[in-house]
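Colleague: Below are the structure tokens for one structure; questions will follow.
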Amino acid sequence: MKSALRAYLLLTPALLVLGALFLGGFAPSLLQSFGYFPAVGMTEPTLSFYREVFGGREFLPSLLFSLRIAFLSSAGAVVFGTLLALLLLRTGRGEKIEGALAAIPVIVPHTVAVLLVLNLLARTGLLARLLFASGFISSPDGMPSLVFDRGGLGVIAVYLWKGIPFAAVVVYVVLRNMNTRLWESATVLGASRFQAFRYVVLPLLLPSLSSTFVLLFGFSFGAFEAPFLIGPTFPRALPVAAYSAYIHPDPTFRPYSMVMVVVITFIAMLLVYLYSFFLAGEERAS
Amino acid sequence: MKTRSPFAPLLLFAFLTLLLLPVLVLLIWSVARSWPWPSLLPAAYSAAEWKSLFSASSRLVPVLLQSVLLAGGVTLLSLAASVPAAKALGLLSFPGKSVVEMLVLAPVIVPPLSYAPGMHLLFLRLGIADSFAGVLLAHLVPCLPYGIRILTNVFRALGDRLEMQARVLGASPAQAFLHVTLPLIAPGMASAGGLLFIVSLSQYLLTFFLGGGRIVTLSMVLLPLVKDGERAAAAVWSTLFIAVSLLFCLLMERAAKRCASSRDTFFLS
Amino acid sequence: MTFRSTIRTKCCMLLIFALFFAAAPRLFASDWGAVLDASRGTIVNFYGWGGDPNVNAWLDTFVAPRLKERYGIVLNRVGMGIGEVLNKLLSEKAAEKTDGVIDVVWINGENFFAARRNDLLFGPFTQALPNFREFVDAAAGDVAFDFGFPTEGYESPYGKAQLVFFRDTERLKEAPGGHEELLEAAKKHPGTITYPAPPDFTGSAFVRTVVCDIVGREALVSLPADKEALRKAVAPAMEFLVALKPYLWMRGESYPASSSQIKNMFADGEIVLGMSYTPFLAPGRIAAGEFPESTESFVFEKGTVGNTHFLAIPFNASNASGAMVVINEILTPEAQASKYDPAVWGDLPVLEYARLSSEERALFESVDTGKGTVPLDFMLRRRVPELPANFIPILDEIWRETVLK
């Protein structure tokens, strides 16, 4: 009992800040989503904004778009990140300059990453210029749409560029701490390298991979900058749609925005639950 | 584990090229005056954007100062709140622990858009909207979880036996923390500090909502430049952003190393 | 009524001052002197869209030094879109914040309408400005009304704009004189024409220009601001935009998010035709070497939409007197002539020509409107007044629902 008291005492500053700011910040959004917004004379709580948003023509495409880019980018980041980590380990360059270089995208903010992707993949970007120089396309119009496209490839590219090194760092640390003899003895026993990876290493990596996947998924689902800057006009990612409704000149539109904010928060909280579940697994594994 | 085939190094090289080539292109853009389609390299170079960065009207000094003071302050405050919280989560067991763990992790995944508009209303009532203090406080939300998470792992790896020993030998709790625990967790704090600094520096939406245009950080300058397609200016500010982040990370890395080596001497003496 | 109630919370000087001109329509020189005294040595926070580097540079390098020199005022320009500004003010109103940070805001159209409806502006103040009284015709349609909505002295004209197209004559030989010819041009040059997606300012104005070209402004202005009524009325225009879609950049799958992107794409040669709400954009960009020498501006034969943009003061501005000095300064012939220059900005002046002295007229006459422009009088004759302010968000929504889908 005394240790519980001590624990809570130690946690007080952090919980106070997070509790007050996070919940205090979310509560008005929740109220406004139910049409309670006295500042513009809306005082009757109603579910009609939820009905209207859910029934609107852009909500579902937006939600699906956000889920899609989040899924593809985080799955890609985990797969390629694992590959990069294995390469760093195999070549023994993980602790050398290559390892440090590979981690650079982790510290570059998303806004800059957007600029990088634009410079490379836009219709007059470096890739298009290279394709032109080698005769594959004859004009910018011949270039397939990689940014501002409805599939969100540009947005995914931003998240991949940031996510792959992040996943690689996580996986690299786990692999390095892993008993390498496990892997070696598996190969000695006649397993192919792939089999050894598949049946020996992968199961041990799985908790870290899952938690990294959920973390990246959650981040790219809720983040606003990348889809705002290089997302398609339709469908807009859910956070972008929410933001656009927020800055609508008519303030009575704000509840529509807040409905989307509440949906984003709800999904994010589900992911938080999943994340802490996987983290617990990770701790048991280590 | 080393392999003799040249395949792995080549693949690694390809990976690094893909990851770093964009940064190189960024550097070229920052000195390009005109880069018309379909040239592979700029038609004309100029240092004009760099010069205008250092001119008075670019507000470079106030922006840098505000960014660094803000991110630095957030880092210090986050660490101060993270250390006790991480100690509780890493070393003690108590009822409701899993719920607390989830709550302190939540802001890593729940986006600022969820709480920024409401936080603006809250801060208006408290009278700290459009102020440095308000933005500082707001940044704690996305930053704290990172600090707590990293330091929880540090405490877990460390255990509490050394601090206990010190207590048994007659040190007060404060002495034990200051002379035993703190030097031991210092490297972890330094690496967490680097991350916290970057997370704070990258916040756009929170700074925008709670700074109300008064608090202008690197992110606040950068997003409109990218949005409005000012490519050369955006490249220059991006380069600056990366340089500041890298510099801070290197400083933290060195601090961590110094802490680690002083810890060794601590053990030896 | 609301005017008085907002004022009550402000500082003493402003209270007296405001009550004074609420009672008297005109202010004497000594009262303006009091405003100047109160604002000396203060900072004025100027909030407005910051997406055009030319506009930013004009405020930073022309207006700011003059204010500093003549009135000891420091102009602090903050780039923030009007949508964000209004929402900030709205939150501040909800929290009853009376010492707001925004002193001057760049505004017009549907945003002014929304701001007035929610009592977010301070005023009326324009009659207090000496330069407004001297040079501006307060009764003129494009000063007294903003997108059909009475301004009532709550905003002061800043400049006039009109949608102007520009093309690369080397690649697009004929200037499309109307919507049909635009479609022909798009068919001939697939993938190289586009417009920004509404609610971007320029994109929204382009859609309204097409609407006016096809169904005519007169058929619309008398309609109620009702989505279904408008949807029916503008259906032929939306059908046209749908028909245009497959020939647009990215086959109309996506649209540029802003007019700045249009500018970049035209400079890169990615598109052969663009549009801008700054009538003299092209000459400035040609001179800067960004646009090809072969760039030429044009307007539709039936005209393009044009409007006045304004400056206003928020209800809770901490420095309303400083704000008035800034706005008054922007109404000087020197400032208006300076931003008229395409090399500087290329924005049309708001002063009455007849009220200027011959020296002041010479300031405007000496401006070289440069290469590739539409002659000013020709353009103004083809200026279609804006549709009512409360139509704009509805039309933008209809575009999203019918054209974008």
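Colleague: Which one of C:331, C:351, C:363, C:273 is open to solvent by 30 Å² or more (accessible area, probe 1.4 Å), of a type in the set (A, V, I, L, M, F, W, C) and over 18 Å from residue B:230 (Cα atoms)?
Modeller: Result: C:363 is the single residue among C:331, C:351, C:363, C:273 that is open to solvent by 30 Å² or more (accessible area, probe 1.4 Å), of a type in the set (A, V, I, L, M, F, W, C) and over 18 Å from residue B:230 (Cα atoms).
Colleague: Now a separate question. Quick one: which helices (runs of 4 or more DSSP H) lie wholly within the stretch A:12-121 and hold at least 3 residues that are small (Gly, Ala, Ser)? If you could, list the steps in order and put the result at the bottom.
Modeller: Working: elements: A:24-33, A:48-55, A:59-91, A:97-102, A:104-107, A:110-121.
Output list reads A:24-33, A:59-91, A:97-102.
Colleague: Under 7 Å between Cβ atoms, which residue pairs at least 6 apart in sequence (or on different chains) link something in the stretch A:1-29 that is facing chain B (nearest Cβ under 7 Å) and touching a residue at least 24 places away in the same chain (Cβ under 8 Å) with a partner that is of a type in the set (S, T, N, Q) and open to solvent by less than 40 Å² (accessible area, probe 1.4 Å)?
Modeller: Listed by first residue and then by second, the contacts come to A:26/A:265; A:26/B:114; A:29/B:114.
Colleague: Of the conditions (1) in contact with an Asp or Glu (Cβ under 7 Å, 6 or more places away or on another chain); (2) within 25 Å of residue B:110 (Cβ to Cβ), residue B:199 satisfies every one except a single condition; which number is it?
Modeller: For residue B:199, the failing item is (1).
Colleague: I'd like the full set of residues that are surrounded by 13 or more Cβ atoms within 10 Å (Cβ to Cβ), among the aromatic types (Phe, Trp, Tyr) and free of Cβ contacts under 8 Å to residues at least 40 places away in the same chain, limited to the stretch A:165-196.
Modeller: Passing the criteria: only A:183.
Colleague: Residues of the stretch C:383-393 being more than 10 Å from every other protein chain (Cβ to nearest Cβ) and touching a helix residue (DSSP H, G or I) at 6+ places or on another chain (Cβ under 8 Å), which ones? Spell out the reasoning first.
Modeller: Taking the stretch C:383-393 first, the residues more than 10 Å from every other protein chain (Cβ to nearest Cβ) are C:383-388, C:391.
C:384, C:385, C:386, C:387, C:388, C:391 - these are the residues of the stretch C:383-393 that are more than 10 Å from every other protein chain (Cβ to nearest Cβ) and touching a helix residue (DSSP H, G or I) at 6+ places or on another chain (Cβ under 8 Å).
Colleague: Please go through the stretch B:28-44 and pick out each residue that is surrounded by fewer than 14 Cβ atoms within 10 Å (Cβ to Cβ) and either touching a residue at least 12 places away in the same chain (Cβ under 8 Å) or among the aliphatic types (A, V, I, L, M) (or both).
Modeller: Result: B:40, B:41, B:43, B:44.
Colleague: Now for a separate question. Residues that are within 22 Å of the chain's Cα centre (by Cα), within 22 Å of residue A:215 (Cβ to Cβ), surrounded by fewer than 20 Cβ atoms within 10 Å (Cβ to Cβ) and among the polar types (S, T, N, Q): does the stretch B:142-153 have at least one?
Modeller: Yes, some residue in the stretch B:142-153 is within 22 Å of the chain's Cα centre (by Cα), within 22 Å of residue A:215 (Cβ to Cβ), surrounded by fewer than 20 Cβ atoms within 10 Å (Cβ to Cβ) and among the polar types (S, T, N, Q).
Colleague: Can you work out which of the residues in the stretch B:220-265 that are farther than 30 Å from residue B:183 by Cβ and of a type in the set (D, E, K, R) is modelled with the highest pLDDT?
Modeller: B:227
Colleague: Looking at A:108, A:155, A:117 in this structure, which one is away from chain C (no Cβ under 14 Å), modelled with pLDDT of 95 or more and open to solvent by less than 20 Å² (accessible area, probe 1.4 Å)?
Modeller: A:117
Colleague: Here's something else I'd like to know. Mind counting the residues in the stretch A:25-37 that are small (Gly, Ala, Ser) and open to solvent by 20 Å² or more (accessible area, probe 1.4 Å)?
Modeller: Here the count works out to 1.
Colleague: Among residues belonging to the stretch C:125-141 that are surrounded by 18 or more Cβ atoms within 10 Å (Cβ to Cβ) and touching a Phe, Trp or Tyr at 6+ places or on another chain (Cβ under 6 Å), point out the one that is nearest to residue C:158 (Cα to Cα).
Modeller: Out of the qualifying residues, it is C:126.
Colleague: Right, another one. Which of the residues spanning the stretch C:308-320 are over 10 Å from residue C:100 (Cβ atoms) and open to solvent by 10 Å² or more (accessible area, probe 1.4 Å)?
Modeller: Selection gives C:309 alone.
Colleague: Follow-up. Being open to solvent by 70 Å² or more (accessible area, probe 1.4 Å) and either under 17 Å from residue A:115 (Cα atoms) or within 13 Å of chain A (Cβ to nearest Cβ) (or both) is true for just one of B:15, B:7. Which residue is that?
Modeller: Among B:15, B:7, only B:7 is open to solvent by 70 Å² or more (accessible area, probe 1.4 Å) and either under 17 Å from residue A:115 (Cα atoms) or within 13 Å of chain A (Cβ to nearest Cβ) (or both).
Colleague: Out of the stretch B:111-128, which residues are at the interface with another protein chain (Cβ under 7 Å from one of its Cβ atoms) and either in a loop (DSSP other than H, G, I, E, B) or more than 29 Å from residue A:254 (Cβ to Cβ) (or both)?
Modeller: B:111, the sole residue that qualifies.
Colleague: Additional query: Which number in (1) surrounded by fewer than 18 Cβ atoms within 10 Å (Cβ to Cβ); (2) more than 22 Å from residue B:143 (Cβ to Cβ); (3) of a type in the set (A, V, I, L, M, F, W, C) marks the one condition that residue B:225 misses?
Modeller: With (1) surrounded by fewer than 18 Cβ atoms within 10 Å (Cβ to Cβ); (2) more than 22 Å from residue B:143 (Cβ to Cβ); (3) of a type in the set (A, V, I, L, M, F, W, C) applied to residue B:225, the lone miss is (1).
Colleague: For residue C:323, work out the one condition from (1) in a loop (DSSP other than H, G, I, E, B); (2) crowded, with 20+ Cβ neighbours inside 10 Å; (3) aliphatic (A, V, I, L, M) it doesn't fulfil.
Modeller: With (1) in a loop (DSSP other than H, G, I, E, B); (2) crowded, with 20+ Cβ neighbours inside 10 Å; (3) aliphatic (A, V, I, L, M) applied to residue C:323, the lone miss is (1).
Colleague: Considering only residues of the stretch B:73-106 that are among the charged types (D, E, K, R) and facing chain A (nearest Cβ under 7 Å), which is farthest from residue A:271 (Cα to Cα)?
Modeller: Looking at the filtered set, the residue picked out is B:87.
Colleague: Here's another thing I want to ask about it. Taking the options B:108, B:104, B:74, name whichever one is part of a helix (DSSP H, G or I), open to solvent by less than 60 Å² (accessible area, probe 1.4 Å) and touching a His at 6+ places or on another chain (Cβ under 6 Å). Lay out the reasoning, then the answer.
Modeller: Numbers: B:108 fails: touching a His at 6+ places or on another chain (Cβ under 6 Å); B:104 fails: touching a His at 6+ places or on another chain (Cβ under 6 Å).
After applying the criteria, what remains is B:74.
Colleague: Can I ask one more? Taking residue B:114 and the conditions (1) open to solvent by 50 Å² or more (accessible area, probe 1.4 Å); (2) within 25 Å of residue B:209 (Cβ to Cβ), which numbered condition does it fall short on, given that it satisfies the others?
Modeller: The one condition residue B:114 does not meet is (1).
Colleague: Tell me which helices (runs of 4 or more DSSP H) are completely within the stretch B:169-224 and hold 2 or more residues being among the polar types (S, T, N, Q), or say none if there are none.
Modeller: B:182-202
Colleague: With respect to the numbered conditions (1) assigned to a loop (DSSP other than H, G, I, E, B); (2) under 21 Å from residue C:157 (Cα atoms); (3) open to solvent by less than 30 Å² (accessible area, probe 1.4 Å), which one is the sole condition not fulfilled by residue C:344?
Modeller: Condition not satisfied by residue C:344: (3).
Colleague: For residue C:113, only one of the following conditions fails: (1) within 28 Å of residue C:353 (Cα to Cα); (2) within 14 Å of chain A (Cβ to nearest Cβ); (3) open to solvent by 20 Å² or more (accessible area, probe 1.4 Å); (4) not small (Gly, Ala, Ser). What is its number?
Modeller: (1) is the only condition that residue C:113 fails.
Colleague: Assuming residue A:204 fulfils every condition listed in (1) surrounded by 16 or more Cβ atoms within 10 Å (Cβ to Cβ); (2) within 14 Å of chain B (Cβ to nearest Cβ); (3) not in a loop (DSSP other than H, G, I, E, B) apart from one, which condition is it?
Modeller: (2)
Colleague: Within the stretch A:47-65, how many residues are open to solvent by less than 70 Å² (accessible area, probe 1.4 Å) and either of a type in the set (Gly, Ala, Ser) or under 18 Å from residue C:398 (Cα atoms) (or both)? Steps first, please.
Modeller: Taking the stretch A:47-65 first, the residues open to solvent by less than 70 Å² (accessible area, probe 1.4 Å) are A:48-50, A:53, A:55-56, A:58-59, A:61-63, A:65.
Applying the additional criterion that residues be either of a type in the set (Gly, Ala, Ser) or under 18 Å from residue C:398 (Cα atoms) (or both) yields A:48, A:53, A:55-56, A:58-59, A:61-62.
Of the residues in the stretch A:47-65, 8 are open to solvent by less than 70 Å² (accessible area, probe 1.4 Å) and either of a type in the set (Gly, Ala, Ser) or under 18 Å from residue C:398 (Cα atoms) (or both).
Colleague: Scan the stretch C:82-97 and report the pairs whose first residue is of a type in the set (Val, Ile, Thr) and whose second residue is buried (at least 22 other Cβ atoms within 10 Å of the Cβ), with Cβ atoms within less than 6 Å and a gap of 6+ or a chain change.
Modeller: Hits for this filter: C:82/C:107; C:82/C:111; C:85/C:47; C:85/C:105.
Colleague: Test residue C:197 against the stated conditions and say whether it is within 14 Å of another protein chain (Cβ to nearest Cβ), aliphatic (A, V, I, L, M), touching a Gly at 6+ places or on another chain (Cβ under 6 Å) and over 22 Å from residue C:290 (Cα atoms).
Modeller: Numbers: within 14 Å of another protein chain (Cβ to nearest Cβ): yes; aliphatic (A, V, I, L, M): yes; touching a Gly at 6+ places or on another chain (Cβ under 6 Å): yes; over 22 Å from residue C:290 (Cα atoms): yes.
Taking the combined requirement at face value, the residue satisfies it.
The values are calculated or read from the model by the stated rules, or taken from the named source; none is laboratory data. As the structure is a computational prediction, the values presented were derived from the model and not from experiment. Backbone-built Cβ (ideal geometry, glycine too); neighbour counts: all protein chains shown. In case anyone asks, the SASA skips ligands and DNA or RNA and just uses the protein heavy atoms, side chains included. Shrake-Rupley method; radii C 1.70, N 1.55, O 1.52, S 1.80 Å.
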